[in-house]
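The values are calculated or read from the model by the stated rules, or taken from the named source; none is laboratory data. No experiment lies behind these values; they were computed from the predicted model shown. Neighbour counts are summed over all protein chains in view; Cβ atoms, including those assigned to glycine, are modelled from backbone coordinates with ideal geometry. All accessible areas refer to the heavy atoms of the entire protein, side chains included, with ligands and DNA or RNA removed. Shrake-Rupley method; radii C 1.70, N 1.55, O 1.52, S 1.80 Å.
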Amino acid sequence: MRFLIIVMLLCCYMQTALAGYDLEVVYPYNLDKKQHNVVQVGSTVPLYVNLTSYNLEREENAQVILTLPKGFTPLPDAHWRLNEQGQLVTSWTLAADYGRNFDLVYIKAEETASLGSQQLQLQVIGEKWQTSRNVDFIYAPGTEVKALPTKKKQRGKGDFNWYIQNVLLPVDSYGIRDDRSAAGVVYVRDTSLESFRNRMTGEGATSWSAVFNHPATYILLELRNPKKDVRVLRFKAELVDRFTGEKVPGLCTAGKVADDNAGEGWGEAAESTEETTALISLDGTTNQNVVLPLYIDYFKVLEGDYSMRVTVSGNGQEKVQEVPLTIAKKHSMGLMAVAFAFVCLLIVILACGRIKRCIYKIGAKGAISVALFAALAFGGITLPTTIMGDLLHAFLGPFSGLVTGILSGILQYLLIMALLTLYRTPGTLSLMYLVKFMLSCLMFGNFSPLGILSCCVYIVVLETALYCSGFYAQEKLKSQLLLWVALVMGIADAFITFVNLEQMMFFYRLYYADWYLALYMLINGVVYSSIGAWLGCRTGLKLRQVMGE
């Protein structure tokens, strides 16, 4: 028992004996944490103080005293106060066992201060202990940098340590401007059919928090810092009416869920729910570009012309600049393409009886042939396209479709027209596409409403093209007729390509340039499909001779 008491007393003694304090003082403190000890004339640079306490039996109070050299004045701070001796004083509470207290104190270097070596002192006085640190630095004149001319020159810029040079939008997350898009125009997503999109693509219900966490665009903020200040600033963007100058709803913070702000943007909570806020930092360079996200409230924003008021403030200084902004929504052909796809789905459902009669007409031999051609189409087109598609996309990017189109265009229509030449009955093509679609669903598990719509578009458009071209009506297949049918099939496939791309743009929010759509329709649609259809007709005629027909 005595041994345990002795051990406990030793532990208490060791804990008290090992109690300590670690004081870190850095001036000038740079936000990129590069070590240097030069302060430019007239600049504002923070002093970083970090006090680490450990092995304390209970909470303790400590007084922190900062003594600055002549000509260096602190900026107003709610946590620090000046005493009668002109020193900056604050009080900290040191936590028991382990704790950290740290702060940034912004110090303004006046031009009247003496150049050369300077020293400041920071002292911490506890209940039974005290420690101090002296920091030596050099006060040197800065390099004068002439301000670049701006379109709207503001009066008195030379009186400020930093100011806004320019505000540019829209840009990407790297601050790169797309010259093909109009300046000052932000396209926002149309959320009226958001749940419908997600359910059609198999994503389920819409996660509105994910929608609002994705910025609509980015802003490039060009800052001028001729005196090379280092400080943290608060950024705020608001929408204002271009004529009245009144604030209007439309912007929000990140993490917004419906009308509830669940997040705090990039730094702190906004004063209201109708602005985008962030914390930015001056890193001590003369010219600094900052890329910031712009979040838009899709439920409240209205299309039209506005002004975006950008406010950057901090440490008693505030800069405001307004730039014109146009909010627009992309009204594409996607909705019409989806409506057309649903019409095709309805037509296929109503035509199930005709497809059934087609099976009776071509018989067991024809049904087996349809299944064989569908299996060839799946194994020779769908399977290699799915496997090699991602690899080709890594090397060719968006132009990989022009390579895979050789299979999905030439080879596919070769099989289709060869089968139709053997069994020239309406519904044969529908059977082949349905069997191929079921094989794809079973093998890859990619059964989705969008896949059904795409299959129905193929069936309705191609069956209509074959009927209108006279392929079913003519008794003999002459070369002129086959050439005409091949051209019609190519045009029909170009239309199908357009409808499917528009559906993808609508459901998956993919945006293709007009020239890319035209190129894809011309090469993959008209050229590849027409060649494949012509070769398929010739192949079908040869197969008819083999079959003895």
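Which of the three applies to the range 77-123, rounded, prolate or oblate, going by the alpha-carbon gyration tensor with a ≥ b ≥ c and a/c under 1.5 meaning rounded? It comes out prolate by the Cα gyration axes. Highest average first, the peptides 515-523, 81-89, 487-495 ordered by how many other beta carbon atoms sit within 10 Å of their residues are 487-495, 515-523, 81-89.
Summing +1 for each Lys or Arg and -1 for each Asp or Glu among the other residues whose beta-carbon sits under 13 angstrom from that of Tyr520 gives -3.
Judged by the gyration tensor of its Cα atoms, with axes a ≥ b ≥ c, the range 309-370 is prolate; a/c meets the 1.5 cut and a/b is the larger of a/b and b/c.
Ranked by solvent-accessible area (1.4 Å probe, protein heavy atoms only, all chains present), the residues Leu115, Leu420 order from largest to smallest as Leu115, Leu420. Working note: Karplus 6.51/-1.76/1.60 with θ = phi - 60° gives the range 220-236 the couplings 9, 9, 9, 10, 10, 9, x, 9, 6, 5, 10, 6, 9, 10, 10, 9, 9 Hz, where Gly and Pro are set to x. Which shape class, rounded, prolate or oblate, goes with the range 422-473 when its Cα gyration tensor gives a ≥ b ≥ c as root eigenvalues, a/c under 1.5 marks rounded, and past that a/b bigger than b/c marks prolate? Oblate is the answer for the range 422-473, as a/c is 1.5 or above yet b/c matches or exceeds a/b. Sequentially through the range 43-51, phi angles give Karplus couplings (6.51, -1.76, 1.60; θ = phi - 60°) of 8, 10, 10, x, 9, 9, 10, 9, 10 Hz, Gly and Pro residues having no value and appearing as x. For Asn166, the amide hydrogen comes within under 5 Å of the amide hydrogens of Glu222, counting only partners 5 or more places away or on other chains and with H modelled in the peptide plane. Heavy-atom accessible area with a 1.4 Å probe sorts Arg354, Arg224, Arg177, largest first, into Arg354, Arg177, Arg224.
For the residue pairs Lys247/Lys319; Lys108/Lys227; Lys108/Lys236, alpha carbon separations beyond 21 Å are given by Lys108/Lys236.
The residues of the range 472-512 expose, per residue, 52 Å² of accessible area to a 1.4 Å probe.
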